[in-house]
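Chemist: Sharing a structure here in structure tokens format.
The values are calculated or read from the model by the stated rules, or taken from the named source; none is laboratory data. Model, not experiment: these values are computed from the prediction. Cβ atoms come from the backbone with ideal geometry, glycine included; neighbour counts cover every protein chain shown. Surface areas here come from the heavy atoms of the whole protein model, side chains and all, with no ligands, DNA or RNA. Shrake-Rupley method; radii C 1.70, N 1.55, O 1.52, S 1.80 Å.
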Amino acid sequence: MSTPDADALIAAVLADPTDPLRRLVFADYLDDAGGPGNAAWAEYLRLRAAAVGEGSALRRELLRQAAADVAPRITARLAIK
């Protein structure tokens, strides 16, 4: 089940998936919604958003690797209320 807020956030991310700010806002929403699956998704989205930000190539690669390490913990669909 989704809500108008969740639908709007997902639409915003899908409209511009390269925008890290949209992913960070969605990550905050997932944390607020609660649940271990949402927490893993939120952490993954934050790491991926940080990986496209400023910083050295090494820092960006380490963040991408950290996101890849979190990905196996994403075992469920998003639980959006």
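Chemist: Check off (1) open to solvent by less than 60 Å² (accessible area, probe 1.4 Å); (2) not in a helix (DSSP H, G or I) for ALA71 and give me the number that stays unchecked.
Modeler: (2)
Chemist: Okay, next question. So which residues in region 5-55 are over 19 Å from PRO72 (Cβ atoms), of a type in the set (D, E, K, R) and either open to solvent by 40 Å² or more (accessible area, probe 1.4 Å) or part of a loop (DSSP other than H, G, I, E, B) (or both)?
Modeler: Listed by number, the residues that qualify are ASP5, ASP7, ASP16, ASP19, ARG22, ASP28, ASP31, ASP32, GLU54.
Chemist: Okay, moving on. Pairs needed: first member in region 1-30, under 16 Å from LEU45 (Cβ atoms); second member anywhere, outside any helix (DSSP H, G or I) and among the polar types (S, T, N, Q); C-beta distance under 9 Å; at least 6 residues apart or different chains.
Modeler: That search, which allows pairs on different chains as well, returns ILE10/SER2.
Chemist: Right, something else. Condition first: at pLDDT below 85 and within 19 Å of ASP5 (Cβ to Cβ). Now tell me which residues in region 35-81 satisfy that.
Modeler: Correct list: GLY35, GLY37, ARG77, LEU78, ALA79, ILE80, LYS81.
Chemist: Ok, one more. Name the pairs: first residue in region 53-70 and farther than 18 Å from TRP41 by Cα, second residue outside any helix (DSSP H, G or I) and open to solvent by less than 50 Å² (accessible area, probe 1.4 Å), Cβ to Cβ under 8 Å, at least 6 apart or on different chains?
Modeler: Close Cβ pairs satisfying both conditions: ARG60/GLY53.
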